[in-house]
1. In debye, nearest 20: dipole of the chain around its Cα centre with unit charges on the Cβ of K, R (+) and D, E (-)?
2. What's the longest bit of the chain with no exposed GluC sites (Glu not before Pro), using DSSP loop states and at most 16 other Cβ atoms within 10 Å as the test?
3. Calculate the FRET efficiency for Ile500 and Thr322 from the Cβ-Cβ distance with a Förster distance of 30 Å, rounded to the nearest 0.05.
4. I need Cys438, Cys70 ordered by Cβ neighbour count within 10 Å, fewest first.
5. Gain in length, Asn596 to Leu85, computed as 0.36 nm per residue apart minus the alpha-carbon separation, to one decimal in nm?
6. So how far, in whole Å, is the C-alpha centre of region 304-356 from the one of region 66-112?
7. Describe numerically, in nm with one decimal, the distance between label points set 7 Å from Cα along Cα→Cβ at Lys642 and at Lys60.
8. Would you tally the net charge around Lys591, using a Cβ to Cβ cut-off of less than 15 Å, leaving Lys591 out, and scoring K and R as +1, D and E as -1?
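Every number here is computed from the coordinates shown, using simple stated rules; none is lab data. What you are looking at is a predicted structure, and each value in this text was computed from that prediction instead of being measured. Quick reminder, even Gly has a Cβ in these numbers, built from the backbone with ideal geometry, and neighbours come from all protein chains shown.
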Amino acid sequence: MPALYPTVVSNRFTNEIGGFTKSFGTPDVVIGQVRALSVVHGDLKELPEKVKSYVQENIKLCEPDKIHICDGTDYENQKLIDQMLEQGTITALSKYENCWLARTNPADTARVESKTFISTEKKSETIPTPKNGVKGALGNWIAPADMDAAIKERFTSCMIGRTMYVVPFSMGPIGSPLSKIGIELTDSPYVVASMRIMTRMGAPILKKLKDDQDFVKCLHSVGRPSNGIVEYPNWPCDPERTIILHRPKNNEIVSYGSGYGGNSLLGKKCFALRIGSTIAKREGWLAEHMLILGITNPKGQKRYIAAAFPSACGKTNLAMMTPSLPGYKIECVGDDIAWMKFDKNGQLRAINPENGFFGVAPGTSRSSNPIAMDTIFKNTVFTNVASTSDGGVFWEGMEKEVVDNTNITDWKGNPWKKGQSTPAAHPNSRFCTPASQCPIIDPAWEDAEGVPISAILFGGRRPTGVPLVYEARDWKHGVFIGSSMRSEATAAAEYKGKVIMHDPFAMRPFFGYNFGQYLSHWLSMENRSDKLPKIFHVNWFRKDSNGKFLWPGFGENSRVLDWILRRLDGEKIAQETPIGLIPAPNSFNLKGIEENVNLEELFNIPKDFWLNEVEAIEKYFDDQVGKDLPKEIVLQLENLKKRLAQM
Ligand SMILES: Nc1nc2c(ncn2[C@@H]2O[C@H](COP(=O)(O)OP(=O)(O)O)[C@@H](O)[C@H]2O)c(=O)[nH]1
Ligand SMILES: C=C(OP(=O)(O)O)C(=O)O
Ligand SMILES: [Mn+2]
């Protein structure tokens, strides 16, 4: 059998080194013509054995012209930037240091939930069986053979003329017992540059990987349209055939056709949540769509809180909040994902598996989130924001931050004027920025054993009926609250309009396995610890009859955290309601608040609304979860119904 790889390996970034023939010893592979493959960076021979076979397998499938094994160095990054500048994928933002703007194909701007699938032998392992005639809404299943066919159809020869980057990365601090390693193969330099920000990426990861060690396999291509026409040469993609596939059994992710965010930075939603939740189920921990923050009260006592809100519902903002209440201090551990495990003392501990923030840009401003503004203007890749004639960025919410005579170019590259009916920045435009640059990054954010979690918050966008904050009666009730979460749709996925959607645990798009089993897993945590965190529900988004927010939000949310911390201290400041515990009269701290706040309306629990809500939840469980719904949750629902009836 011929040697798999040539003995001559490239110097760094030489363009072509003595092309060599592909020969994998499997004569049934017919490649139209014999093509040359060059390794332009790194050494295939030095890859750990299992990585080598994974790469080899996919070279055979995708037929790239070049292989580049990423080391994560500044030098490498600069080369990628130069190349993206040349291809028009990014432009330089001269106003800031090392900042770049990518404009995508307008058909590729958000996660595509309808094209995201989990593959298991049995469908019921992936999703609960919906009621007859009802379309399942808790994930999409694909049969293993169909997954194989979908891959073959799309990936065969898809990298001809391109470079395949081998991206080794760690989710979680390198070497932490909670961390996991992945290898992403991609043909997108944008993905490589973004993965370098969002994960710990490069040579140190390969050094850690033993020859026989497993890793999460992540294959990605931006694809090419089947008609051969690349509409936006700066952003090749294949929206029509886009598909995001997961095979939990093999710790495998395959993503085709999109270059955007959660579709392509495979460490994030695909690995840390979908595959992560299946590993967590097996190993007895939790992989959740949660921010993690540290909060110090005026007495100097510090605690950590984790919070699950659906995409674009305020995680990044809460994680970086500047508290309006004097004496409080917030520090940020993570803004999107938490991996949580009980330690041997029964304390729940969390790590942020990420290394950066992929945050929603619109709405981020000096007044709403000054900490984010102090984080993002160096070493950052912006995507689909607007640009200014002085080499800066612009988005809705930054009106006060651009001088009047600067010209604005919208996210599509067209001149844009204030007052225009279309937005300057795409509503799902993002900044991708290193977490270490956050001025309030928590000193323990990279601690190998994680930070201790005292409270868990669930929340969403609820314009009516749902109070600012309420507390779960106990763990089971808390799990029920998570399971019954609903929220207004946002631009983070392909949904249209402001419909209220069920989004249990803010995980609906991210469950890696059957939601009913996920609930049982959460309920089983009660057997693991006798000091479980307290659970709360929050809603910053309630509106008055004129459609105006009833609560100023942002830094003022510290007042909600203040009540929560005092509850953790055991203060008797709560009153019972049918849905849970809300602040007792005069217990909620409004001292010094500037806005007029109508607490009455904010904490009002309208009986009719809640009767409807219970009906909607019951129907959802009935339609979507059926026999997989744990008995404890059925009981919680019955009890809530009874309490509401007595209201
Ligand atoms: N009204 C209001 N809007 C908020 C609040 N927190 C965040 N937002 C807005 O919600 C959007 C998404 O926020 P972000 O923190 O990026 O959400 P994430 O995707 O969950 O991290 C942005 O437009 C924010 O300005 C709040 O407390 N009140
Ligand atoms: C990363 C993403 O999700 P989120 O909106 O939760 O930040 C995404 O939509 O690509
Ligand atoms: Mn976010």
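1. Working: 77 positive and 74 negative charges, 171 e Å.
Value, rounded to 20: 820 debye.
2. Working: sites that count: Glu16, Glu121, Glu231, Glu449, Glu494, Glu571, Glu594, Glu595.
Answer - 232-448.
3. On the way: r = 30 Å, r/R0 = 1.00.
Step by step, r from the Cβ atoms, then E = 0.50.
4. Working: Cys438 22, Cys70 25.
Ascending Cβ contact count within 10 Å gives the list Cys438, Cys70.
5. Values: separation 511, 0.36 × 511 = 183.96 nm, distance 4.95 nm.
Here the segment from Asn596 to Leu85 would lengthen by 179.0 nm.
6. Region 304-356 and region 66-112 have Cα centres spaced 29 Å from each other.
7. 6.2
8. Numbers: positive: Arg559, Arg566; negative: Glu556, Asp562, Glu594, Glu595.
With Lys, Arg at +1 and Asp, Glu at -1, the net is -2.
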